[in-house]
Each structure stands twice: as C-alpha cells, then as structure tokens.
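Here the structure comes first, spelled out in structure tokens, and everything after it is commentary.
The values are calculated or read from the model by the stated rules, or taken from the named source; none is laboratory data. Values in this document were obtained by computation on a predicted structure and should not be read as measured data. Virtual Cβ from ideal backbone geometry, glycine too; neighbours counted across all protein chains shown. Ligands, DNA and RNA are excluded from the accessible area calculation, which covers all protein heavy atoms including side chains. Shrake-Rupley method; radii C 1.70, N 1.55, O 1.52, S 1.80 Å.
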Amino acid sequence: AQQQQQQQAVTSPAKVSNQSSPQVSSSTTQLQQASNQASDQSPPVKSVSIHVDPVLLQTVRLRLDEYKSAAIHCKRIAQTDRAVFLYDVAKELKTIEEQLLTGKKISTDLLPPPLEPSTVTGLNETDRRGAFDRIRNEVKKTLEDAKAKALIAMKAVPQQKDVALFHHRRMKRAETELLELAEREANPFQLPPKFHFDETSETTEIINTDVPADNLQLKIDRIVELPEEGLHLAYSLGFPSDTPITGTTHAVRKPVTEPVNYVINIPIAVKTAARAFEFRKATFEVLQSRFLRKDKSFGKAEVKLNELLTKSEIKGVYPLVNESKKPIGGKLEIQLRLRSPLKGKDVRTVVNKFIVVDEYLAPLRSDNAAHLLPPLAPESAPSRSVNSPAPVAASSAAVPARVTTSPSSSPGMSAPSSRPSPPVSTGAASSPAGEITLDPAEYPPEELKDPHSLECLMSNNVLEAELTEVKKQEEVYTSRGAKVPAALMERKRGLEFKMQLLVTCVETGKLTIETYVSTLKQKIEHDKKLCVWLNQNNRQADAVRILKRVKIMAAEIADVEANADT
C-alpha cells in the first residue's frame, strides 16, 4: 500500500502539468491574436514629401558656381581681399541651397545678386575704362614721338639708321600695345594692365621739318587769365627797321578755354634777320574791339629774338605788362620757330620718356563680352545688394606672369540670340558648293563677327530705328529699378553722335543728297549678300535684323526720290 501511494505521488505532478499546458498554450494564442488585431487597428505611417522649387534651386546652384570660380580666380591673381569676400558669398549660397533641399521656403530677396564684373574687378565700368584711356593716351604719345624721331633720323645727313631703327621698333611696339589695349578693354572682367616708364637720352640736332626754309613761324596758342571776350592780338616783329612785319589775329570768344590757334609762316631774309635778332624784340598786344571807339588795350608782352640765333624755337608763357612794365594780369602762350638756328646748329640732349605696358592680370572670363547685356532681374524676385570691399587700385608695380589658359564661361551673362559669333577667318569666307562666298576686302572679319556695329550703319532712318530700340531697352531697365548697362548707354551715345554728324555733313555741303542716295543703294546690295551669307551659316537672327535694315533703307530712298521729284 505504501509503495502504491509513493508511485501515485510521483506520477501526480506529471498529470498536473499535462493538464495545465493546454491552458497556457491557449492563453498565448489569445495574446498573439490580440496583438495582431491591435496592429491592424493602428493608423498607417504616412511618408512626408518635401517640395523644392527647381527653378530657384537651379539659380542658387549657378550663382554658387559663379562665386566659387570668381573666388578661386582672385586667389590665383593675388587679390586676397576680393577672394575672401567672394568665398563668404559662396558659403552663404551653400547654406541657402541646403535650406532649400530641406523644404524651407527662401525669399528671392535673400539671394546675392548675379556676379557682375565690378564685383570681381573691384572697379566700376567708368573707372575701368578711364584707366584704360589714360594708358592708351600715353601709348599714343609714345607712338607719335617714335614716328617723329624716326623720320628726323632718316632725313638727317648722313642718315642715322641705328637711331631710326630704334624708334621704329618703339613705334611697332606701341601699335601692338594699342591693339591689345582695345581687345582687352572690351572684356568687362579685364583689369587695366600694370605699366612703367622707360627713359633714354640721346644727343640730337633739332630741326623743325614742318617749317619752310627761310621762314619764321609765329604761333599764338592761348590767352589765359583774362575773363573778357572778343579779344584779339596785334603783333610786330620789330624788323625790318623801315617797315616792321605786323599783323592781327582773329577774335577769341572765350580766351580762358578756347585756344587762339593762330599760325603764320613769315618769309625772312636770313642775313638781315640775323643782325636784327641780336637787338630786336617781338611785341604782342591784347586788344578788345569797341564799336565806334578805339580798341581797348589789355597789356603787351615782349619776346627777345636773340635766342633764335642758336635755337630752332622759342616757346613760353609771357606775362602782359602796361606801359610802365608792370604786370597787369593775363598771359600769352607764344611760339617762334625756325627750321634751324640762324647761326650754327641746335644740338640738345633729349630725354625720351615712354610708357611700357607690362603683363595683364588674367580675367575671370576670356570671352569678349563688351556687347552682352546682363539679364533683367524678375519683377517678383528683386535681388539684394552685396557690400563689396574697397576697389583694387591699379598701380605701376610688377605683376605676375600672364595666364594664358581660358577659363570656362560662367552662366552669369548670356549673349542675345541675335549675336552668335562663330570663328571668322581672315581669308575669304569659305562655304560649301552652292553657297555664297564673301570677299574679305569688302566684308572684313569685324563686320562678319558683329554686323550691327555703328560702323555698319549708314542710313539716317536706320540710326533712328536703332536709337528707338535702345531707348526701349533703357526704359525696361529703368522701370524695373535695374542699372542700365554701360554698353547700352555707350551704344546710345554713339548712335546720337553719328546722327548729328550725318546732319552736319549735309548742312555744310560735305554730303550731297545724290551721294547719300548712291551710298544707300550700294549699302543695300552689300547687306543683301551679307544677309544670305548669315542665313547659310545658321545666323538667322542676324539675317532677319539686317533684312529689316535693308527695308528701312529702301523706304528712305523712295521717300527722298519722291520729295526730289516734287
């Protein structure tokens, strides 16, 4: 009995466990079902979409690339301040790009403006062109000086070939520099070049080749420091003794600003003049004409002639004095010139000072973008201004070597559709069989590249039409509060000047109606051929514009001929 009880005690827990296991498994199944029901009843997770304005994003990325390229360029040419400034703007654009990608709305007012040439160069267009003009004027002086000295050396007896060759090389260098200056200035991203002055000294005989032999040239340049108008000069050279050479100049309306420009060549007897010049003086008196009264004197100036015995010319500013030899205010600029001195030779040591243009700083863009107009900012998206650091002053210090690589164009400025400029060869315009061929003597490369320049416009009505179009563009810029491009204003001034010049030529008789009509007819035939050539070279926009020009000239000719018949 005890053994049976022990066996039952051992087997009873197993039975209990077997009885409880179905309950546990059923409860687990119920929990899983409840969990599945809860998951089915929970709301689905929605995906969040970010809206990005593609146009604005593209604009930001383009400007970011522009400012990055400009910063790298300024760093390469050692313009550190501008590089730092442009890099800061680029970082600002990078931040705006990241905000746009996160879906944040950005106002166009926060965008930095498109990259302008002045932002890169640190000079506005007026100052930049003014610097180029100053350098150009110095180069022109060097060119004229070299031409004159080369001519004198060749005419010397015996010929000074070495001196002439030296000045000829100076002349050729100056001509090359003028051409490069014009080409570089056309790029608004090009800074003016650095430059320095070289000096050379030479001993030479002064011979005024423009003065005829056995003549004395009298040149009165200007009357200064006299406010009165209507003045003229009376002069007396003091020789010969019995009948001194005298004369008067024309009236000068504004003596302070208007030069007299009175020049006369007076024949003289060399032997007589040599004796007279030792003791004589030339006298100049400033007079003002008065109606029915004696002329009013404003003083006299005296010039001793003895210097012409050993010098080829006398040049100076002489004060006006009264009868008591006291200065009374006012001065005269006078020149007395001979071909050569009356006694001996005029040998002087001349110091030649001439400009030398150094290397150019490589521009950000190497394309000729002078005629391109920057795109107008949309009315709904005005750009805010960016404070630029101080302009970079052009100095005459040494500069790094010229960089010859051509950076890729940045999309900040785009060319109008009417100005595609394919490469133009200097030879005859080649074309496939059956197409028109233009003579390079009649159609120079400059005209094929830009057939709408001022040099290509001959008709008054065409000039008026072009001026009207320019004024419309100017009004668009003004109405939107944008700055009118310098290139547009320059074209406007050029058109106005050429119209005024045409009217002046007709009024003065330099241009007759017959000649004008004949010129227009030749221009029509010229432009028709050009129009066909442009169309064959996939420049339809230029061809259409020239065709309009042809129609305007034809209508003008018909109008002129109709008025002539009536």
* Rounded percent of accessible protein surface that carbon and sulfur make up, region 253-362, 1.4 Å probe -> 50 percent
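Of the heavy-atom accessible surface of region 67-210 (probe 1.4 angstrom), what whole percent is carbon and sulfur?
Details: 4300 of 7900 Å².
Here it works out to 54 percent.
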* Asked: With labels modelled as points extended 7 Å from the Cα through the Cβ direction, what inter-label distance (nm, one decimal) is found for Lys140 paired with Leu179?
  -> 1.9 nm
* Structure fact -> The distance between the Cα centres of region 491-514 and region 306-364, in whole Å, is 38 Å
* **Per DSSP, loop GluC sites (Glu not before Pro) in region 462-566 with at most 13 further Cβ within 10 Å** => none
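When only the heavy atoms of the protein chains count and the probe is 1.4 Å, how do Thr272, Thr108 rank by accessible area, highest first? All intermediate terms of the calculation are to be shown ahead of the outcome.
Working: Thr272 60, Thr108 35 Å².
Output order, biggest surface exposure first: Thr272, Thr108.
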* Asked: Using 7 Å Cα-to-Cβ label points, what is the Ile266/Gln159 separation (nm, one decimal)?
  -> 3.8 nm
* Find the percent of Cα-Cα distances in region 499-566 that exceed 20 Å, and round it to a whole number. => 41 percent
* Spin-label pair Asn124/Lys147, simplified geometry with 7 Å Cα→Cβ offset, distance in nm -> 3.5 nm
* Asked: What accessible area per residue, rounded to a whole number of Å², is obtained for region 88-184 using a probe radius of 1.4 Å?
  -> 57 Å²
* Structure fact -> Expressed in angstrom and rounded, the centroid-to-centroid distance over alpha carbons for region 454-474 and region 80-95 is 41 Å
